[in-house]
Amino acid sequence: AGIGKCVAMDLARRNARTILACRSQEQGQAAVEEIRAATGNPAVVLRLLDTSSLRSVRAFSQAVLREEKRLDVLVNNAGVTGLPFAVTPEGLEMTFTTNYLGPFLLTNLLLG
């Protein structure tokens, strides 16, 4: 939704292979179908990613490096605010992990 969906729509309109990295299978798939229909680009795909989970970040990056020939652009757009204090399964503060640590790790892992 929001900025991320607009960016993905624009990339798909430019005929780019576009990977939507979403936490929710249902919402992500709905966005994929909407973007495909609006742009006529069948190369819009969904991959599940939760940046609050470093395990999820590692799995996502491994899959992208294994499955994709190249990665030209990475848009780190996920973020949360106003959450009550919570700790991730890795023992890290949830908001900090979601907004900073997860995207930082993802970027560094995808650099190859």
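The values are calculated or read from the model by the stated rules, or taken from the named source; none is laboratory data. Computed from a predicted model, the values in this text were never measured in an experiment. As a convention, Cβ positions derive from the backbone with ideal geometry for all residues, glycine included, and neighbour counts pool all protein chains shown. Note: areas computed on protein heavy atoms with side chains; ligands, DNA, RNA excluded. Shrake-Rupley method; radii C 1.70, N 1.55, O 1.52, S 1.80 Å.
Sort 61-72, 26-37 by packing, meaning the average of other beta carbons within 10 Å per residue, with the highest value first.
26-37, 61-72
If you compute Rg and Dmax of the Cα atoms in Å for the structure shown, which of (i) 14.3, 43; (ii) 16.0, 67; (iii) 13.0, 37 do you land on?
Identified label for the calculated read-out: (i).
What's the magnitude of the charge dipole for the stretch 3-111 around its Cα centre, counting Lys and Arg as +1 and Asp and Glu as -1 at the beta-carbon? Answer in Debye, nearest 20.
Its charge dipole is roughly 340 debye.
How long is the gain from residue 17 to residue 70 if the chain were fully straight, where each residue apart is worth 0.36 nm and the alpha carbon distance is subtracted?
18.0 nm
Across the stretch 61-70, in residue order, what do the Karplus-derived ³J(HN,Hα) couplings come to in whole Hz, using 6.51 cos²θ - 1.76 cosθ + 1.60 with θ = phi - 60° and x for Gly and Pro?
Couplings: 5, 4, 5, 4, 5, 6, 9, 9, 5, 7 Hz.
Counting heavy atoms of the protein chains only and a 1.4 Å probe, report the per residue accessible area for the chain as a whole number of Å².
Value returned for the chain: 64 Å² of accessible area per residue.
Roll a 1.4 Å probe over the protein heavy atoms and report the accessible area of residue 104 in Å², nearest 10.
Accessible area, nearest 10 Å²: 110 Å².
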